[in-house]
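One structure is given here, and the rest of the page talks about it.
The values are calculated or read from the model by the stated rules, or taken from the named source; none is laboratory data. Values in this document were obtained by computation on a predicted structure and should not be read as measured data. Glycine also receives a Cβ, built like all others from the backbone with ideal geometry; neighbour counts cover every protein chain displayed.
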Amino acid sequence: MGLFVAQLLTGLANAATLFLVASGLSLIFGVTRIVNFAHGSFYMLGAFIGYSLMQVLPGMFGFWVSVLLAGLAVGVIGVIVEILVLRPVYKAPELFQLVATFGVILVIQDLALLTWGADDVLGPRAPGLKGIVRVLGEPVPKYDLALIAITPFILFGLWYLIAKTRLGILVRAATQDREMVGALGVNQAWLFTGVFFLGATLAGLGGAIQLPKGGADLLMDFNILAAIFVVVVIGGMGSLPGAYVAAALISILNVFGVTYLPQSTLVLMFVVMAVVLMIKPYGLFGREEVAGEHGQVGEPERPIKPAGIAVRLLVAFGIFLLALLPWFGSDFAQVLTADVIIFCLFAASLHFILGLGGLVSFGHAAFFGGGAYVAALLVSYLQTPMEVAFLLAPIGAGFAAFIIGWLCMRLTGVYFAMLTLAFAQLIWSLVYQWGEFTGGDDGLVDIWPAAWLNGTTPYYYFTLFFGIGGILILRHVAHSPFGYALRASRDSARQAEATGINTKRIQWAAFTFAGALAGLSGALFVFSKGSVFPTELEIGRSFDALIVIFLGGVKTLSGAVVGGASLEYAKDFLTRFEYWRLTLGLIIIFVVIVAPEGISGTMRKMAERVGIIRGREGDS
Amino acid sequence: MNPILEVRDLSKSFGGLKAVNAVNFKVAEGELLALIGPNGAGKSTCFNMLMGQLKPSSGEVYFLGENLVGKFPRDIWRKGIGRTFQITATYASMTVIENVQMALMSFHKRIYSMLPYAHKMYKSEALEFLQMVGLADQAERHCAILAYGDLKRLELAIALCHNPTLLLMDEPTAGMAPTERESVMQLTADIVTEKNISVLFTEHDMDVVFGHAHRILVLNRGELIANGSVDEIRNNPMVQEVYLGGGNLFESEEAAS
Amino acid sequence: MIEVDSINSFYGKAQILNDLSFSIAAGEVVSILGRNGAGKTTTLKSIMQLVRPRTGSVKFNGTEVVGSPPYKVAKMGLGYVPEERRIFTDLTILENMEVGRQPAREGVPEWSVDLLFELFPNLSERRNNRGKALSGGEQQMLTIARTMMGNPTCLLLDEPSEGIAPVIVEQMAETIMQIKKQRLTVVLSEQNLHFARLVADRAIIIEGGQKRFDGTFAELDAQPEIQEKYLSV
C-alpha cells in the first residue's frame, strides 16, 4: 500500500513537467495550427537557462526566481523564432512549417552545445526541499511533494489566464474560428506571437522545474518530444484539461510500469495512445477536425508524363556513370554513394504516399528500420540465407505497413501523421526494450551479405541494382492507373468517391506498397552495414526523409531523389565540422523561407522565368 | 411506367431541427426535374441523402426498384447514378482528358493495376466524351488552368462515363457568367435527351429552371410545398410567398403596398 | 461613406461579383437584395476584405480598403455580422462580446455590455451560457451584439432574418430600427423583400454578381418587372 501511494505521488510529480510542456504545444497548435517540433528544444533551453541562473541566484528565493526567469527567457526565444522563422512561412502549405521547426531544432541543439558544452548537467537540488519525507513508510522526495502541491496552482494560473483574461478569450475564440476573430478587429499576427510566447514560456518552465529531478542534457529535446506528442494526442489537440489528464495518466502509468513491467515502460505509453485513438480518434477531449478538400495547399500540381527520350537517356547516362564508379572511385566513395542510394529509395518511398497521396506520415522509419530488423532477425535466429532474408524484409515491412495503415486510415491530416508517429514509436520502443530478442540498444550485429556479394564493389552493384530499381518501380507505378487513383483521391476525394473509387482503400494499398519499398531500402542498409540499431527506427530517421522531401520539393519524385542525395552528401561533408547542425539548421530555415516550393520547384520556376524551359501555359 | 427514382418519406433531423421532413417524389424516365427553394430549405441535405453522403433519419430512396439508403456514394455510382457538384470537384493535378480517363479506369475496375501506363488507357473513349461536351480541343490542357465554365463541362463528361441512367446535378450553373449558364444547360439538356438520361437538379437561376425543367419541386423549411409544371409553380401563391417573404407578420405592409 | 467601384470577386475560379459598383451615404440603411447565389454575401465580404476583390476599389470614408487585412478594416469602424451565425460556440455570451470589444470611436455612440443587454434582453438572461446552448435566434442576436461591441460606424449585416422564427424576425427588425436611430450606417443583405422594406431606406438588387436595380422602395414598386425578374420565382 505504501509503495503504491509513493509511486502514485512520483507519477503525479512527473506529470507536472509533462503537463507544462505539453500544454504549451497544445496551445500553439490550437491557435496557429502549427505542429511545433521545436517544442522539445524550448524545454531543453528552459533547463539549461534555469541551471545557469541558479548558479548566480542563490537560496530558495533564487531557485524559484530562476525557474520563472528561465520560463520568460524561453518565451522571448519563442517569440524570436515565431517572428523570424514562422511568420514568413505562415502562407506556405501547412506542413512546410514543420520543416522550419526541424531547422530550429538543429540550430538550438548546437547553440546549446556552444553555450553549455557537451556534458550532462546535474540539476541543483531545490534549496529547502532537499530531503525525503516518509509516506506510509516509503520515502518520497520533498521536491516531488512540492511539485504535486505546485501543479494545482499552475493549473489554476493557466486556467485563469485562458478562462478569464482577454488574451485567453481571444485564444479560445481563435482556436475555433480565426477568420471571424480577425473580422472583429483582432490582429492575428500578434495573437499568434502571444500564443507562441505563452507556449514557449510553459515549455521553458517545464524544463527549469524538473532540474532537481533530471538535470539538463543535450538529448532531452528529443527525449521529451515523443512523450509530449503522446500527451497532446491522447488529451486532444488544443485541450488543456485533456493535456493534464493525459500527462497524469502517462506519468503514473510510467512509474508503475517501471516497477511491475520494467521492460515495457516506453511501449506502454504508445499502447495507451494507440488504444485511446482507436476508440476516440481525436483524443479524450478533442473534437473532430473537418479536413479540407485537398490533401495539399497551394498551387495544384502539374500533370505528370512518363519521361521523354531525352530524360530517359540522361537517367541512363547517370546510371551508367554510377556503374563506372568502382573504376575511378575509392572504396569510401562507393560506400558513401551506396548510402545515398539507399536513403534516396527510402525518401522516394515516403514521397509516393506523401507527394502523390497527400498522406503525411511522421513514422516512415518504422518500415525502413522494420525491413532492416526483419532481415537481421531472420539471419540471427534462423540462419536464413541472405538472399531469402533480403526478399522477406520488404514483405515483412509491407505487412507492418498493412496493419498500421489499417489502424491509421480513419484519420486525416495532422492526426494521421501523429498516429503514424505513435505506431513508429511503438515499434521503436518494442525493439529498444525487448533486449533479449532484438538486442536492444546493442542492436543486432554480424548481418553480412552472402559470399558472392562480399566486398565493397559487389555490394555496391547490388545496391545500385535494387536501389535504382526500387526508385524506377516507384516511378512507374506513379504513372500506372493505381498511381493515378492515388492522386485522384488526394486531388478530390469527393469526385473520386463519386466515381467508384474507394479512396481509403487506395490510400491503404499505397501505404502498404510504400512501406514495402522502405523495407527494401532497410534490407539494403542492414547488409551493407552488417548491423542494425534502434536508431534506424527513431523519429530522427523519419524526419530525415520528411526534410528531404519538403526541401527537395513535394511535387516531384526527382525532388525527393535530388533532395535525398544532397542531404546525404551535405551531411557527410558537414559532419566533419563541429557545429554542423547549426549550419544544416540554418540552411534548412533559409531554404524554407526563400524557396517555399522546395529546391526543385523553385529552380524550375526560376528556369521558366529566364526562359530555359517552357513554362506552363496560362502562367503569366 | 415505372419511375427511375422514387423517394419515400425521406427525413433528416440534425439535433432537434428537421432539415428535411417526409419528402416524397418520383423521377420519371427521361425527365428533367428541378428542385428549388430558398436558402436553408433542405435542398442540399436532400441531395446529399440521395448521393449517399448523408444517412437519412428515416425514409427510403428507390433507384430502379432497389433501396439506396445506407450505400456508399461509390456503390450508388456503380448502380448507374452520375453526379456533378455545386463547387466543382475535378482532379487538379491531371490533364483534362486524364480526368475522364480516371473515371473510365474506375468504371472498368482497373484502378489497382500497376503495370500499364494510365495516360494511354481508354484514351479514344475519353476523347469521345470530351467531344460530347465540347472540350476535345482542350484535352491535353492542365485541368487547374481551365475556365470555370469548362470545369463544369468536364464534370459533366466525367459524370457521363459510366452511361448513367440518372444524373444528379447540384447547381449546375453556379458561379458561371450568365451567358455561359444557358449554353451549359442547353448542352446538358441535349445530351440527356439524346441518351435518355433522367436528371434531377437544384438551381438558383430561375431562367435556367424555367427554361429547361420539365417539372419543378419546391422545398421550404424541409417540406415539399409544391410539385408541378413550370406554369403551375409560377402561379402558385405559396411559392411566391416563400421567395418574397411575407406571412402573417408582414400582412399589414403587404396591404399597404 | 462606402464607395464600391467596379469590383470583381472570385471564389477560386468561380466569378461571383461582376463589375459591381454602388455607394452608401452616412446614416443610410441600404438593403442588398437578390436570390441566393446572387452574390450578396460576397459583396459584404468584399467590403470587409474577407474576400479580396481581384480588381476594383472599395473606399471607406475615403480610404482604400482593398488589400488591407480584415482586422484593419474592422478597426476603421466597419462592423461585420456574418450569416450562418458564426459565434464562438465554446465561449459564453459575455466572452463572445469581449472578443468584439474595441475602444470607443468618435462620432458614434459607445456601446457597453449593459447597453447591448438592454437592446437584447434575451441575451442578458443567459449571459453566462455558452454559445452552443443558445437558440438560432439568440445566436443571431449575439452576432450583432458582438459586432456592436466594436463601436462600428457602419454595420454590415448578412441575412439577419434568415432561418429564424417569425417572431424573432420581428424583434430583429425592431433592433435594426433602434440601431438606425443611433445614426449608424447599415448595409444588410436580404432575400426577404418585406423585411428589407421594413428597415431599409434604399434597395440594391443584384443578380449574377451584377447590379440590376438601385433606388428607393417606391421606385422598386413602380417597376414590378424588376421584382418579377430578380426576386420572385
- [ ] Quick one: which residue in A:Ile468, A:Ile501 is part of a loop (DSSP other than H, G, I, E, B) and β-branched (Val, Ile, Thr)?
- [x] A:Ile501
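Taking helices (runs of 4 or more DSSP H) that do not extend beyond region A:1-118, which have at least 1 residues that are of a type in the set (S, T, N, Q), in contact (Cβ under 8 Å) with a residue 24 or more places away in the chain and closer than 23 Å to A:Val233 by Cα? Walk me through how you get there before you give the answer.
Details: elements: A:2-32, A:39-56, A:59-81, A:96-116.
Of the helices (runs of 4 or more DSSP H) lying wholly inside region A:1-118, those with at least 1 residues that are of a type in the set (S, T, N, Q), in contact (Cβ under 8 Å) with a residue 24 or more places away in the chain and closer than 23 Å to A:Val233 by Cα span A:2-32, A:39-56, A:96-116.
Being more than 9 Å from every other protein chain (Cβ to nearest Cβ) and in contact (Cβ under 8 Å) with a residue 24 or more places away in the chain is true for just one of C:Gly67, C:Gly39. Which residue is that?
That would be C:Gly39, the only listed residue that is more than 9 Å from every other protein chain (Cβ to nearest Cβ) and in contact (Cβ under 8 Å) with a residue 24 or more places away in the chain.
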TODO: For region C:95-111, enumerate the residues that are assigned to a loop (DSSP other than H, G, I, E, B) and within 21 Å of A:Ala183 (Cβ to Cβ).
DONE: C:Arg101, C:Gln102, C:Pro103, C:Ala104, C:Arg105, C:Val108, C:Glu110, C:Trp111
TODO: Restricting attention to strands (runs of 3 or more DSSP E) lying wholly within region B:174-257, give those where 1 or more residues are modelled with pLDDT under 85 and of a type in the set (Phe, Trp, Tyr).
DONE: none
TODO: Check off (1) touching a strand residue (DSSP E or B) at 6+ places or on another chain (Cβ under 9 Å); (2) at pLDDT 85 or above for A:Phe37 and give me the number that stays unchecked.
DONE: (1)
Task: Qualifying residue in region C:175-182 (condition: over 16 Å from C:Val81 (Cβ atoms), within 12 Å of another protein chain (Cβ to nearest Cβ) and either modelled with pLDDT of 85 or more or out of contact with any Lys or Arg (no Cβ under 6 Å at 6 or more places or on another chain) (or both)) - done: no
Open item on the list: Residue pairs, Cβ under 7 Å, 6 or more apart or interchain, first in region B:66-89 and on the phi > 0 side of the Ramachandran plot and touching a residue at least 12 places away in the same chain (Cβ under 8 Å), second surrounded by 23 or more Cβ atoms within 10 Å (Cβ to Cβ) and not in a helix (DSSP H, G or I). List them.
Closed with: B:Gly80/B:Leu166
Open item on the list: Regarding region A:581-590, can at least one residue be identified that is under 20 Å from A:Ile471 (Cβ atoms) and hydroxyl-bearing (Ser, Thr, Tyr)?
Closed with: no
Open item on the list: Can you find a residue that is within 26 Å of C:Leu134 (Cα to Cα) and part of a strand (DSSP E or B) anywhere in region B:20-32?
Closed with: yes
Open item on the list: Can you list residue pairs whose Cβ atoms sit under 7 Å apart, with the first residue in region A:549-576 being of a type in the set (A, V, I, L, M) and the second being surrounded by fewer than 19 Cβ atoms within 10 Å (Cβ to Cβ) and at pLDDT 75 or above? Count only pairs 6 or more apart in sequence or on different chains.
Closed with: A:Leu574/A:Trp580; A:Leu574/A:Thr583
TODO: Give the number of residues within region A:430-475 that are among the polar types (S, T, N, Q), under 23 Å from A:Ala347 (Cα atoms) and under 25 Å from the mean Cα position of the chain (by Cα).
DONE: 0
Open item on the list: Could you check region A:484-498 and list, in sequence order, the residues that are assigned to a helix (DSSP H, G or I), at the interface with another protein chain (Cβ under 7 Å from one of its Cβ atoms) and over 17 Å from B:Asp75 (Cα atoms)?
Closed with: A:Tyr484, A:Arg487, A:Ala488, A:Asp491
Task: Sole residue being of a type in the set (S, T, N, Q) and closer than 20 Å to A:Gly128 by Cα, chosen from A:Ser52, A:Ser41 - done: A:Ser52
Open item on the list: So for region B:14-23 (the condition being at pLDDT 90 or above and within 16 Å of A:Glu497 (Cα to Cα)), does at least one residue qualify?
Closed with: no
Open item on the list: Can you go through C:Leu94, C:Leu156 and tell me which one is within 12 Å of another protein chain (Cβ to nearest Cβ) and in contact (Cβ under 8 Å) with a residue 60 or more places away in the chain?
Closed with: C:Leu156
